[in-house]
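Q: Once you've had a glance at the structure underneath, I'll fire off some questions.
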Amino acid sequence: MKYQIALPRRKQVVIAFLAGVMAAVPIVARCEDKSGECMKDLMFVFDASGSMGTTDLTTKEPHIARVKRALHRILPEIPRSRRMGLIIYGEGAYNQCDSIELKVRPQTNAASLIVSEVDKVQPAGRTPLTQSVKDAAEVLDYRSSPAVIVLLTDGEETCAGKPCEMADALKAKAADMTIHVIGYRHRDAAGLGAVFGARCLAEQTGGLYLAVESEDELADALRRTLTCQLAASHTQQSTPVRKAEISSRSP
């Protein structure tokens, strides 16, 4: 004969709560303990060049509006303990290639600061993405410290920079550096079927290159590169993910 012990309602609630907490703890531990990638210092390099202010054929909404919405969705998910900073390039006069600004130095709990700076962006200038990534590496002290750089761009280098050569040079001197590249509507810049030049930044440093076309795809790419989800994906896959690509035919 089996007996059941009837617990008071209050104790049942407490036990259920504790069981939920204990079940959640191992999941978080696996995410953070199996890969140190999630907690490495990170610089977010943001494209504010004139092309971000352009619209698509199917909508009158500029690229920058969708990018800002995606960031508002994802940045709050970043662990507060992660040190993260922001560089914005492209703001300023159209013909200037030195419009590169360090907006936020790497620090904990930086999501709200980064959102605030991105919300102020008015796309205007050119695309010195190569120099911007190099500056981000210097801010992270990449020669002696682990570093992660996430580049979000919708266009090609337009300031005579050579991203592939620069990636090789940085990798040769880096203690442990990974560059992820998110190409938002890059086909508009590179042309259908063309190879996006900046993807070599990711391929040559073991990072992800993610080509995205819609706001939802962009949000997913930001989640994979900025939050703990990337660490989990590396532990789950047996093959390298550095050439992973999100594709969609919908705008």
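Q: Can you give me the number of residues within segment 164-177 that are small (Gly, Ala, Ser), buried (at least 18 other Cβ atoms within 10 Å of the Cβ) and assigned to a helix (DSSP H, G or I)?
A: 1
Q: May I pose another question? Of the residues Pro79, Pro106, only one is out of contact with any Gly (no Cβ under 8 Å at 6 or more places or on another chain), farther than 18 Å from Glu215 by Cα, surrounded by 14 or more Cβ atoms within 10 Å (Cβ to Cβ) and in contact (Cβ under 8 Å) with a residue 60 or more places away in the chain; which? Spell out how you get there, then give the answer.
A: Working: Pro106 fails: out of contact with any Gly (no Cβ under 8 Å at 6 or more places or on another chain).
Result of the check over Pro79, Pro106: Pro79.
Q: Within segment 91-110, does at least one residue satisfy the condition of being over 20 Å from Val139 (Cα atoms), touching a Cys at 6+ places or on another chain (Cβ under 7 Å), modelled with pLDDT under 95 and assigned to a loop (DSSP other than H, G, I, E, B)?
A: no
Q: Among the numbered criteria (1) modelled with pLDDT under 85; (2) in a helix (DSSP H, G or I); (3) surrounded by 14 or more Cβ atoms within 10 Å (Cβ to Cβ), which one does Ile64 miss?
A: Unmet for Ile64, out of (1) modelled with pLDDT under 85; (2) in a helix (DSSP H, G or I); (3) surrounded by 14 or more Cβ atoms within 10 Å (Cβ to Cβ): (1).
Q: Just checking, how many residues over segment 140-163 are crowded, with 17+ Cβ neighbours inside 10 Å and either aliphatic (A, V, I, L, M) or closer than 19 Å to Ala221 by Cβ (or both)? Please lay out each step first, then the result.
A: The initial filter retains those residues of segment 140-163 that are crowded, with 17+ Cβ neighbours inside 10 Å, namely 140, 142, 146-159, 161, 163.
Now narrow it down to the ones that are either aliphatic (A, V, I, L, M) or closer than 19 Å to Ala221 by Cβ (or both): 140, 147-156, 163.
Going through segment 140-163 one residue at a time, the tally reaches 12.
Q: Further question on the same structure: For segment 122-145, what are the residues that are among the small types (Gly, Ala, Ser) and not in a helix (DSSP H, G or I)?
A: Hits for segment 122-145 are Ala124, Gly125, Ser144, Ser145.
Okay, residues lined up against (1) touching a strand residue (DSSP E or B) at 6+ places or on another chain (Cβ under 8 Å); (2) at pLDDT 95 or above:
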site: Ala136; (1), (2): yes, yes
site: Leu152; (1), (2): yes, yes
site: Glu157; (1), (2): no, no
site: Glu165; (1), (2): no, yes
site: Ala169; (1), (2): no, yes
site: Ala172; (1), (2): no, yes
site: Met177; (1), (2): yes, yes
site: His186; (1), (2): yes, no
site: Gly191; (1), (2): no, no
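Q: Another one. I need the full set of residues from segment 156-175 which are among the aliphatic types (A, V, I, L, M) and under 20 Å from the mean Cα position of the chain (by Cα), in order please.
A: Met166, Ala167, Leu170, Ala174
Q: Within segment 111-129, track down each residue that is free of Cβ contacts under 8 Å to residues at least 40 places away in the same chain and either at positive phi or touching a helix residue (DSSP H, G or I) at 6+ places or on another chain (Cβ under 7 Å) (or both).
A: Scanning segment 111-129 gives a single hit, Ala111.
The values are calculated or read from the model by the stated rules, or taken from the named source; none is laboratory data. Every value quoted in this text rests on a predicted model; they were computed, and no experiment measured them. In this analysis, Cβ positions are derived from the backbone assuming ideal geometry, glycine residues included, and neighbour counts consider all displayed protein chains.
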